Amino acid sequence: MNDYDLAKKITDLLPNQYQECMIYPLNTLKSVYSEEEPPLRELQWQFKKYMIIFYLVVFPNQNDLRNLMDKSYSFWKDKANEKLVELQKRQVISA
């Protein structure tokens, strides 16, 4: 699964008020993926930016922006996979 698909699945599982906040970063990530040959660094930066915004929106007042920006792409990829699993479990439990 590419980064856009992962971000899309996370966004789709969020409550509506969070989905609205995540539309712009998700669309930005999508636009980079729609380029013919996007640079890898740009793809990784846009995904990292999506995850930083996700953490700032979903966990307000718990994160320092500078600390979040210092995290690596692989850190954010792992966090995204963890959050997707958590959200999927919540959806199953609430169904």
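The values are calculated or read from the model by the stated rules, or taken from the named source; none is laboratory data. Keep in mind that what you see is a predicted model, and the values were worked out from it rather than measured. We place every Cβ from the backbone using ideal geometry, glycine too, and count neighbours over all the protein chains shown. For accessibility, only protein heavy atoms count, side chains too; no ligands or nucleic acids. Shrake-Rupley method; radii C 1.70, N 1.55, O 1.52, S 1.80 Å.
Some notes on this structure:
- Test: residue in segment 63-79 that is in contact (Cβ under 8 Å) with a residue 60 or more places away in the chain and open to solvent by less than 90 Å² (accessible area, probe 1.4 Å): yes
- Breaking point among (1) under 18 Å from residue 20 (Cα atoms); (2) at pLDDT below 90; (3) not in a loop (DSSP other than H, G, I, E, B), for residue 67: (1)
Conditions tested, residue by residue: (1) touching a Leu at 6+ places or on another chain (Cβ under 7 Å); (2) hydrophobic (A, V, I, L, M, F, W, C); (3) not in a loop (DSSP other than H, G, I, E, B).
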site: 4; (1), (2), (3): yes, no, yes
site: 7; (1), (2), (3): yes, yes, yes
site: 11; (1), (2), (3): yes, no, yes
site: 20; (1), (2), (3): no, no, yes
site: 23; (1), (2), (3): no, yes, yes
site: 29; (1), (2), (3): no, yes, yes
site: 36; (1), (2), (3): no, no, no
site: 41; (1), (2), (3): no, no, yes
site: 44; (1), (2), (3): no, no, yes
